[in-house]
Every structure is written in C-alpha cells, then in structure tokens.
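The values are calculated or read from the model by the stated rules, or taken from the named source; none is laboratory data. This structure is a prediction, so every number in the text was calculated from the model and none was measured. Glycine gets a Cβ as well: all are built from the backbone with ideal geometry, and neighbour counts include every protein chain shown. SASA here: full protein model, heavy atoms, side chains in, ligands and nucleic acids out. Shrake-Rupley method; radii C 1.70, N 1.55, O 1.52, S 1.80 Å.
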Amino acid sequence: VAVAAAVVLVAGVALALLWAPEDADQGPSQRIFYLHVPIALTAYACFGWGAWKALRLLWTGDQRYDLESYTAVHMGTIFGTLTLVTGSIWARTSWGVWWSWGERQLVLFLILFLFYAAYFMLRFSLPEGPGRARISAVYALFGVVLIPISFLAIRLGEPDPPGRIHAGRAADVGRHVLHVLRLPRRHAPARRHDVFERACRKAPRSAPPRPEGVT
Amino acid sequence: LSSGEKYLASAYLVCFATILIYVVIISAKLARLEREVSELAERARGRRG
C-alpha cells in the first residue's frame, strides 16, 4: 500500500507540474491548486471522519472510537494547516497579499481550523477517561456543522480574485462581470453590483475602444 | 525562475516537507511503541516461565 501510495503521489505531482497545461491568466501559480484543493478536501474528510467516529462513540459507548476520532481530527488539523499555508502562498502570488479578511472562504476555513485546534486544548485539559472521551466526541460532532458551510463558501465566494482585475486589461472587467452572472440567482444581484463597482474602481483608466468606422 | 514558479515550488516544498516530518515522527513513535510492547511481552513470558 505504501509503495502504491508513493507511486500515485509521484505520478500526481508529475502530472500537475509537467503535463497539465499552464493557466493563461495565472501562470504557474495556478498549479498550486493541484495540491491545495486535494489537501483541503482531505482536511474536510478527516474532520468529517472524526465527527463520524465521535458519533459512533456516543452511540455505542465503545472507547476505541475515541482514539479513532482523535486521530482523524489530528490528521485533519495537519491538512488544515497545509491548506492555509498553500492558500496563503497562492493568495500572495495572485492577489499580492498573504491573507484577506474580506474573503469569506478563507475566514470560514480559518474558523473551522481554529475550532478543531481548540479540540486539542479541550481534550488535554481534561483527565483521561470516559468523561473526556464523551466531551471530546460532542465537541468534534459540533464542528461538523462548519464543514458544509466552509465548503459551500468557496462556491458562493468571489468568482475571481480582485487582483486579477487590478493587474489585467480593461477587457477583463467584462469577463469578470460575466463570471458573476453565472452565480446562483439569489446571490447574483448584490454580488454583481459589488463586483462591478469594484471592477470599475480598479480597472485602468483608459478611454473606451472606439468602434470601427467611427472617427 | 519567475516569481510565480518560486511560489509554486515553495508551496510544494512546504507540503512535502511537512508530510515527511509528520511521517518520520509517527514512524519513530510507532517504533518506540513496538519496542515497548515487545519488552513487556518478554517480561510477561519471563514471569510465566
């Protein structure tokens, strides 16, 4: 299994770095997503698995689920750290900043991460035994609510980072607005207005292109 | 290397370094636990014998 995992890992990295075509907009930094997204999904899966094992513990009372839940949350926290680090590196290269408090998907993932980081503080502040297992399980189970919120925030978030408009041509404004139009209907009006306003503010101040034939 | 390529390389390196360190720590812990279990098993055998 270990050899198979190593082979698949190397193949995946090779495909991401050498085979996948380069993104026309973002260049090589877009390849960070081939690492960032699977790591984030693994973090969600680990937190979810931890919550499932916590539920099993509360349901059956079997103490072995406590260790399984703890291990899953532990793994999820490590992958969560890597998600934040790789996301920050991508933000730095694409947006020009390491972190943006205005991006709800970043903030929600940070909340999820900090919630599960606090799991360890709670766990190790209690004396070992069935009581600690139960309380840890309840806490791990509460955290699962944050997973779909954090996951959906990515889909409801900004369609394009603001830096792209800032660095791009005036034609990008139109493309940006088109992206917004593809958002779900209930979110579109406010978002369309926001993004359009911001796009107008950040677009280079140049004269609009004249139609052909007009002098 | 361009700026984007440097950030790309750093992202991959950070991830692999972290995972490698984690695997090394876990394998060291596992080796220690296995050693302790085998010592306990030997002691138990010694008491029985």
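Between the alpha-carbon centers of the range A:57-86 and the range A:40-54, tell me the distance in whole angstrom.
7
For chain B, with the dipole built from +1 on Lys and Arg beta-carbon atoms and -1 on Asp and Glu ones, taken about the Cα centre, which of B:Phe16, B:Ala31, B:Ala41 lies farthest toward the positive end?
Positive-most Cα among the choices belongs to B:Ala41.
Within a 10 angstrom radius of each residue's Cβ in A:79-87, how many Cβ atoms of other chains show up on average? Whole number is fine. Walk me through the numbers on the way to the answer.
Numbers: counts 4, 0, 2, 7, 1, 0, 5, 6, 1.
For this peptide, the per-residue mean of nearby foreign Cβ atoms is 3.
Round to the nearest 10 and give me the degree value, 0 to 90, for the angle of helix B:3-48's Cα axis relative to the longest principal axis of chain B.
0
For the range A:1-80, with every protein chain kept in place, what is the accessible area per residue (1.4 Å probe, Å²)?
Working: 4450 Å² over 80 residues.
I get 56 Å² per residue for this part.
Report the A-B buried area as the accessible area lost on both sides summed, probe 1.4 Å, in Å² to the nearest 100.
Working: alone 13330 and 4760 Å², together 16600 Å².
The contact between B and A buries close to 1500 Å².
Count, for each residue of B:1-7, the Cβ atoms from other chains sitting within 10 Å of its Cβ, then give me the mean as a whole number. Before the final figure, lay out each step's value.
Numbers: counts 1, 4, 5, 12, 5, 4, 11.
Counting other chains' Cβ atoms within 10 Å and averaging over B:1-7 gives 6.
Across peptide A:28-36, what mean number of C-beta atoms from other chains lies inside 10 Å of a residue's C-beta?
Values: counts 9, 8, 2, 6, 7, 1, 3, 6, 2.
Taking the mean over all residues of the peptide, I get 5.
Which is farthest toward the positive dipole end of the range A:1-121 among A:Val7, A:Ala72, A:Val85, measuring Cα position about the Cα centre, with Cβ charges +1 (Lys, Arg) and -1 (Asp, Glu)?
It is A:Ala72, whose Cα lies furthest towards the positive end.
Let me know the shape class of the range A:2-51, please: from the alpha-carbon gyration tensor, a ≥ b ≥ c as square roots of the eigenvalues, rounded when a/c is under 1.5, otherwise prolate if a/b is greater than b/c, or oblate. Walk me through the numbers before you get to the answer.
Working: a/c = 4.94, a/b = 1.42, b/c = 3.48.
Taking the square roots of the gyration eigenvalues as a ≥ b ≥ c, the range A:2-51 is oblate.
What FRET efficiency would be calculated for the residue pair A:Ile111, A:Ala14, taking the C-beta separation as r and a Förster radius of 30 Å, to the nearest 0.05? Provide the component values of the computation, followed by the final result.
Numbers: r = 35 Å, r/R0 = 1.17.
Efficiency, rounded to the nearest 0.05: 0.30.
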